[in-house]
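Quick notes on the structure that follows.
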Amino acid sequence: MFLRYRIIIIVLITLFAVYNICIYSTKESSTFIKLSSQAVSGQQLWQENNCWSCHQIYGLGGYLGPDLTNVISHPSKGSQYVKAFLNSGIKSMPKFNFSEEEKNAIVSYLKHIDSTGYYPNYNAVFKPTGWVELKYKYNDRNEK
Ligand code: HEC
């Protein structure tokens with residue numbers, strides 16, 4: 001009687017151990033995203049100057065300004081465009097007196113973010129029938 005319980009408990013503990021080994025030894029959990037040192041200082045500037053209180057990355061952040069996930073790869077935007085906003089400010093966005101080096105760091109950080117995917121990752125297409133079709137953008141850039 002008790003032996004049977006003991007066997008069940010041993011089996012459960014073994015399964016639990018195997019499960020944990022499988023989960024924590026998969027490659028996914030051990031790959032870290034490496035930022036260049038320039039991008040790291042860009043991230044620091046991003047945090048110190050509260051860019052996130054008005055802007056979003058992947059939809060997360062403040063909502064006074066636009067999402068900046070793909071501002072670098074946007075066909076009519078890009079690094080010079082970002083720098084222009086930092087130089088002059090716009091509406092409620094203050095003018096930042098960044099050095100060229102600091103601006104490059106922020107651009108490098110945004111470039112890195114851009115390389116990780118798309119946000120939003122779909123476009124809504126309105127059909128003449130009244131239905132909305134979602135066209136997904138697939139990120140072939142990070143599927144290396
Ligand atoms: C007080 C709020 C606020 C802060 C802080 C702020 N921004 Fe902005 N930002 C805005 C607003 C508002 C706009 C303009 C939105 C529009 O065009 O109507 C904007 C526009 C931009 C744009 C142009 C985006 C586009 O797609 O047209 C960039 C790039 C940008 N900001 C970068 C930054 C960076 C980098 C920082 C931090 C160093 C920052 N902003 C801090 C409010 C802010």
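Helix 100-114 against the longest principal axis of the chain: what's the angle in degrees, Cα atoms only, rounded to the nearest 10?
For helix 100-114, the angle is close to 40 degrees.
Exactly which chymotrypsin sites (Phe, Trp or Tyr not before Pro) in the stretch 1-62 are in a DSSP loop and have at most 16 other Cβ atoms within 10 Å?
Hits after loop and neighbour filter: F32, Y58.
In debye, nearest 20: dipole of the stretch 34-119 around its Cα centre with unit charges on the Cβ of K, R (+) and D, E (-)?
Roughly 160 debye for the stretch 34-119.
Under a cut-off of 19 Å between alpha-carbon atoms, report the lysines in cross-link reach of K91, not counting same-chain residues fewer than 8 places apart.
K77, K83
Using only C-alpha atoms and all pairs of different ones, pull out the Kirkwood radius for the stretch 1-78 in Å with one decimal.
17.2
Please report, in whole Å³, the volume per residue of the convex hull around the C-alpha atoms of the chain.
Per residue, the Cα convex hull of the chain comes to 228 Å³.
Quick check: the angle from helix 37-48's long axis to the longest principal axis of the chain, C-alpha only, nearest 10 degrees?
Tilt relative to the chain: about 80 degrees.
Can you give the relative contact order of the chain as a percent, counting alpha carbon pairs under 8 Å and 6+ residues apart?
Reported as a whole number, the value is 20 percent.
Tell me which lysines have Cα within less than 20 Å of K127's Cα, excluding those fewer than 8 residues away on the same chain?
Here the lysines satisfying the reach criterion relative to K127 are K135, K137.
Counting other Cβ atoms within 10 Å of each Cβ, which trypsin sites (Lys or Arg not before Pro) in the stretch 1-95 have at most 14 and sit in a DSSP loop?
Taking the stretch 1-95 and a limit of 14 other Cβ atoms within 10 Å, the loop trypsin sites (Lys or Arg not before Pro) found are K34, K91, K95.
For the stretch 34-119, what Kirkwood radius comes out of the mean inverse Cα-Cα distance, in Å?
12.8
Do the sum for the chain: with -39,500 (n - 2.57) for every DSSP H run of n ≥ 4, divided by all residues, what is the mean residue ellipticity at 222 nm, to the nearest 500 deg cm²/dmol?
One gets -13500 deg cm²/dmol as the mean residue ellipticity at 222 nm.
How charged is the neighbourhood of V71? Take every other residue with its Cβ under 11 Å from the Cβ of V71, and add Lys/Arg as +1 and Asp/Glu as -1.
0
A short reminder: the numbers here are calculations on the coordinates, not readings from a lab. This is a predicted model, so every value here is computed, not measured. Using ideal geometry, Cβ is built from the backbone for each residue, glycine included, and neighbour counts are taken over all protein chains shown.
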